[in-house]
Amino acid sequence: MIRTRRTAPTTVSVLGELEVIGDHGPLPLGAPRQRAVLAALVLNGDRPLTTQRVITMVWGSTPPAYAVNLVHKYMSGLRRALIDLPPHKRVDIESGPSGYRLVAPVGQVDLALFQTWIDAARDLRARGDGERAAELFGRALDLWRGPLLGELSGSAFDEEREFMETVRLAVLEEYATVAIEVGRQADVVESLREALRRHPLEENLARLLILALYSEGRTAEAVRVYQRLTSHMLGELNVPPRPELHDLYQIIRRHGPIPTGRRLQHIP
């Protein structure tokens with residue numbers, strides 16, 4: 001079952017390729033370096049970003065001698081581009097003694113909205129409201145359109161992309177766990193399957209996909225997930241899956257009961 005997207009696009013999107021969406025579609029944001037400057041502002045949230053930090057993020061350790069002038073030029077270019085946004089989506093770049101800061105309406109930057117919804121989902125789960133927590137986890141993950149700033153290169157963006165992929169996987173595991181606990185395992189099968197294709201050695205992703213499939217009565221598919229994981233691990237790491245996962249596999253082969261309806265144990 002593939003879930004339809006339940007989350008409307010935000011104005012500024014970095015959970016995928018960089019986009020700024022107006023009433024009539026994406027705005028032109030200029031040359032790659034100018035786009036990188038905007039990306040640096042978004043990643044810094046609502047904190048001021050110094051000119052030197054912008055230079056480091058955009059050019060790394062070998063900036064041009066006139067990099068400060070280029071930063072000023074790109075900031076001006078971005079302000080001109082952002083003018084085309086309607087008033088209710090207005091995004092601006094403020095400058096002051098501490099540096100530059102992106103100012104956007106609440107809920108209009110996907111990265112910030114992602115974190116807000118994850119925090120709220122975790123709070124709901126802690127208070128025992130698994131249904132609403134699952135819904136909010138799912139909406140947060142629906143914000144993702146691909147790797148963070150997928151079109152931008154450079155060590156700063158590469159590091160942030162790797163970090164956010166780790167965060168994304170952790171949130172998917174939280175979402176899948178609570179979804180299985182409340183009987184909504186069908187919602188997470190395709191997301192888990194796609195994540196496991198990207199990370200074929202992740203045992204917890206495999207465990208959750210096996211549980212979701214088995215809970216849906218798709219025993220043969222669950223068995224194949226374990227077998228593929230075993231093949232990958234033996235082929236690349238020369239080790240089998242951990243005993244906890246092997247035990248789950250044996251339960252499934254015997255068509256035994258699985259630990260649904262309560263907190264599922266994470267493989268350490």
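Think of the chain as a dipole: +1 on every Lys or Arg Cβ, -1 on every Asp or Glu Cβ, centred on the Cα centre; then among 99, 215, 72, 215 lies furthest on the positive end.
Estimated from the Cβ-Cβ distance and a Förster radius of 51 angstrom, the FRET efficiency linking residue 258 and residue 151 is about 0.75.
Its Cα centre serving as origin, the chain has a Cβ charge dipole (Lys and Arg +1, Asp and Glu -1) of approximately 140 debye. Taking trypsin sites (Lys or Arg not before Pro) across the range 163-254, the ones in a DSSP loop with at most 13 further Cβ atoms lying within 10 angstrom of their Cβ are 254. From the C-alpha coordinates alone, can you work out the Kirkwood hydrodynamic radius of the range 23-84, in Å? After inverting the pairwise mean of 1/r, the radius is 12.2 Å. Take the range 194-258 with all the other protein chains still there, run a 1.4 Å probe, and you get 53 Å² of accessible area per residue. One chain, two ends: residue 167 and residue 247. Fully extended at 0.36 nm per residue, the span grows by 26.0 nm beyond their Cα-Cα distance.
Taking the protein heavy atoms of the chain in the context of the full set of protein chains, the accessible area attributed to carbon and sulfur is 52 percent at 1.4 Å.
Computed about its Cα centre, the charge dipole of the range 55-140 is approximately 200 debye, with only Lys, Arg, Asp and Glu carrying charge at their Cβ. The simple Förster model, with R0 at 22 Å and r as the Cβ-Cβ distance, assigns residue 94 and residue 69 a FRET efficiency of 0.65. Accessible area per residue for the range 20-158, computed on protein heavy atoms with a 1.4 Å probe, is 50 Å².
The values are calculated or read from the model by the stated rules, or taken from the named source; none is laboratory data. The structure displayed is predicted, hence computed values, not measured ones. Neighbour counts are summed over all protein chains in view; Cβ atoms, including those assigned to glycine, are modelled from backbone coordinates with ideal geometry. Side chains are part of the model used for accessible areas, which takes the heavy atoms of the whole protein and leaves out ligands, DNA and RNA. Shrake-Rupley method; radii C 1.70, N 1.55, O 1.52, S 1.80 Å.
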